[in-house]
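Single-structure report; data block below.
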Amino acid sequence: MGELILGIIFFLLSLIIFFQAGSLPDSSYEPLGPAGFPRIIVLMMGILSFFLIVKKIRSIDFGKINLNFSTIYKKYKLIFVTLINFLFYILIMRFIGFRISTFLFVFLTQLLLGPRDKKKYLLISTIALLISLGSYYFFQNYLGVIFPTGIFFE
Amino acid sequence: MIDMLILGFEQILNFNLLINMFLGVLAGIIAGAIPGFTITMAIILTLPFTFAMSPTVGIATMLGVFVGGLSGGLITAALLGIPGTPSAVATTFDAFPMVKNGQPGRALGIGIWASFFGSLLSMILLITLAPQVANLAMKIGPWEYFSLIVFALTIIASVTGDSVVKGLLAGLLGLLIATIGLDPMSGTARFTFGIGFLEAGVPFLTVLIGIFAVSRLLTELENKEEVKQGEKLVTGKIKFEIFTSLKEVLGQPINLIRSSLLGALIGAIPGAGASIANILAYDQAKKGSKHPDKFGTGIPDGIIASESGNNSTAGGGLIPMIALGIPGSAVSAVMLAALQIHGINPGPMLIINNPEIVGTIFVGFFIATIFMLLIQFSGARLFLKITHIPKYILVPTVMALCVIGSYLLNNRYSDLYILFVMGIIGYFLKKYNFSLAPVILGVILGPIAETNLRRSMMTSPDWTLFFTRPISLGFLILGLLSIMYSIWQSYSVKKKSNCI
């Protein structure tokens, strides 16, 4: 089922890009222009994804498909949790800065993924602290990388 | 030639130089192991330090970083399945399955020895073949370049995994991702859909980190119960036997020599490099193998091909630099810059005017390779401990490192959004058995292919030139043979498995 969905996504993507490429300007001194190469790519992509879709539709037993969100969520819970944390980490970094957001991400994700064991709290907070502060000072001082500092350190 | 080598030894046997070189190799290995931190970046960061050094010490230190960096990517590629540098992508194909089979020591050992011999063989080629290969590289125009890339793209057909259609789709996706942003020829913004930061394009390294690293880390979390109980990548005792892995590597001389030759040749062609060489060497090893169906399951052949292929680009890349003063890669471009800062003019006259520099490069290359071997082996037991870290600690920590790696590439915050999206795309592709290597090949080769195709069409709209220029035709024929061979090979493997 997933392969069928991906096939459809590939197909739609090739259609969108093909028509988008039509709006790109032509070039008078260059035969291919900016649209030529992408169009060659999506043409092949469209044909191949069509093959994939047809092949998968034939082989799937649609009666057996179970699209119950809560079972999918339960099965892949840790992945969902990690991805949501990851997204928040990226989104809030520019507001609260690299150090705090990295600490929060590494600490909370370890906490949510790992065993419920209070003895581990010291270990995971040390790791989070090392990663967030260690990398910040190393890259900032030695390599001149400027990380977002955030509102608390401005 | 002998005089030059003696001169080189005289220069190298200097305590200050050796210490700097050792530190260079160490820094290179560490940089290479961090995803997102490329060898080129490490070399650029070394450049300011070399201002205060003499030209020979500066060049030797940079060589150290270069050789170290090429072998550093191996550590994370083998032990975590995450290529530390683009040049270690193919190393993950067999080294990580070997780690999962409970043999991390064997995977690392084979990788280190293959890197060592790849480096060594390319040094011999560098010394003997420099002028000849450089001449061939000079004959390459946009037609030949495009045909070479077409040939390289045909590798996709043999790294497709279980389905050729899905593998090709993944490759096309990579090519398409590379077209996002400003068009390389006319500067028109393409497929940005009104999102401002996409105009800068999608950085290749961010795609690599997202597609390979983030998706790999998410896959590790699929078994909820085991992660909760503190499961590790490898359970049980780790064995690390230096000489057993040496025997395994030397037991495959043809694979080793073929991969190193390929690596050196690709290294010598300006613009190509280790990121293509490792995959090409892996592909050729698979095609030349008696048991191609075993590739990807954790066999030494794949690790040997990829690691000797990528390390040997170092020697190859130096060939046009020494013989013609043309950088074969970004790394040798920085080295050329370092020479120029010291008032030395690289070019065909370098061998005559500054034999001590050329000698230092030849001998320094050898010494750097020895240092690399020493550091890798003494650090190996420490590196191997990574596989004993519980996944609930490993995943968030490496993810944070991925964020740092993607950010420090351009100091650009918006790259992190791209990283997130690429991670999700990579995860779904992986989940539904789309092979990931073609995406990376597409992203690397796409812009080179497009620019050269358009450049050649601008020079002359006559497309038959692709077939009438001999080198170009040669590459196209190789590409055709490569596709036909992969189809034949997969057909015969299927037939064999049907018989059993």
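Positive end of the dipole of chain B (Cβ unit charges, origin at the Cα centre): among B:Gly263, B:Ile341, B:Gly315, the Cα lying farthest that way belongs to B:Gly263. With the cut-off at 1.5 for a/c, could you classify chain B from its C-alpha gyration tensor as rounded, prolate or oblate? Taking the square roots of the gyration eigenvalues as a ≥ b ≥ c, chain B is rounded.
Can you give the local net charge around B:Thr56? Use residues other than it whose beta-carbon is closer than 11 angstrom to its beta-carbon, Lys and Arg +1, Asp and Glu -1. Charge balance near B:Thr56 sits at -2.
Along the axis of the charge dipole computed for chain B (Cβ charges of +1 for Lys and Arg, -1 for Asp and Glu, origin at the Cα centre), the listed residues B:Gly58, B:Leu350, B:Phe37 are led at the positive end by B:Phe37. Within the set of other residues whose C-beta is less than 11 Å from the C-beta of B:Gln252, count the net charge using Lys and Arg as +1 and Asp and Glu as -1. Counting the neighbours of B:Gln252, the net charge comes to 0. Legend: mean number of C-beta atoms from other chains within 10 angstrom of residue C-beta atoms, peptide B:397-407, equals 6. Per residue of peptide B:182-194, the mean number of Cβ atoms on other chains within 10 Å of the residue Cβ is 4.
3J(HN,Hα) along segment B:102-115, derived from phi through the Karplus expression 6.51 cos²θ - 1.76 cosθ + 1.60 where θ = phi - 60°, amounts to x, 10, x, x, 5, 4, 5, x, 4, x, 5, 5, 5, 4 Hz, with x in place of Gly and Pro. In this label model, A:Ile47 and B:Leu182 are separated by 3.4 nm, measuring between points 7 Å along each Cα→Cβ vector.
Here B:Lys166 is the anchor, and the aspartates and glutamates within straight C-alpha reach of less than 14 Å, apart from those fewer than 8 places off in the same chain, are A:Glu3.
Remark: the Cα gyration tensor places segment A:1-112 in the oblate category, a/c being 1.5 or greater and a/b not exceeding b/c.
Assuming R0 = 30 Å, can you tell me the calculated FRET efficiency for the pair B:Arg381 and A:Lys118, based on Cβ-Cβ distance, to the nearest 0.05?
0.40
Within straight-line reach of B:Lys290, meaning a Cα separation under 19 Å, sit the following lysines at least 8 residues removed in sequence or on another chain: B:Lys494, B:Lys495, B:Lys496. Taking every C-alpha pair closer than 8 Å and separated by at least 6 residues, the mean separation divided by the residue count of chain B gives a relative contact order of 29 percent.
Ordering B:Val249, A:Ile65, A:Leu108 by the projection of their Cα atoms onto the charge dipole of the protein assembly as shown, which places +1 on the Cβ of Lys and Arg and -1 on the Cβ of Asp and Glu, puts A:Ile65 at the extreme positive end. For A:Glu30 and B:Trp488, what does the FRET efficiency come to when R0 = 41 Å and r is the distance between their Cβ atoms, rounded to the nearest 0.05? That pair, A:Glu30 with B:Trp488, gives E of 0.60.
A cut-off of 5 Å between modelled amide H atoms, ignoring neighbours fewer than 5 places along the same chain, links B:Arg190 with B:Gly181, B:Leu182, B:Asp183. Rounded if a/c is under 1.5, else prolate if a/b beats b/c, else oblate: with a ≥ b ≥ c from the C-alpha gyration tensor eigenvalues square-rooted, which is the protein assembly as shown? It comes out rounded by the Cα gyration axes. Over the residues of chain B, the helix contribution to mean residue ellipticity at 222 nm works out to -24000 deg cm²/dmol, using -39500 (n - 2.57) for each DSSP H run of at least 4. Normalised by the number of residues in segment A:1-72, the average gap of Cα pairs under 8 Å and 6 or more apart makes the relative contact order 42 percent.
Summing Lys and Arg as +1 and Asp and Glu as -1 over all other residues whose Cβ lies under 12 Å from the Cβ of B:Glu222 gives a net charge of +3. For the peptide B:48-61, the mean number of other protein chain Cβ atoms found within 10 angstrom of a residue's Cβ is 0. With contacts taken as Cα pairs under 8 Å and at least 6 residues apart, segment B:306-395 reaches a relative contact order of 18 percent. Under 25 Å Cα to Cα from B:Lys239, which lysines show up? Leave out anything in the same chain fewer than 8 places away. Partners within reach: B:Lys100, B:Lys247, B:Lys294, B:Lys385, B:Lys391.
Placing +1 on the Cβ of every Lys and Arg and -1 on the Cβ of every Asp and Glu, with nothing else charged, gives chain A a dipole about its Cα centre of roughly 900 debye. Each of B:Asp293 and B:Thr235 was given a label point 7 Å from its Cα along the Cα-to-Cβ line. The distance between the two points is 3.0 nm.
Read-outs: derived from the displayed coordinates by stated rules, not from any lab. Computed from a predicted structure; not experimentally measured. All Cβ positions, even for glycine, are placed from backbone atoms using ideal geometry, and neighbour counts span all protein chains on display.
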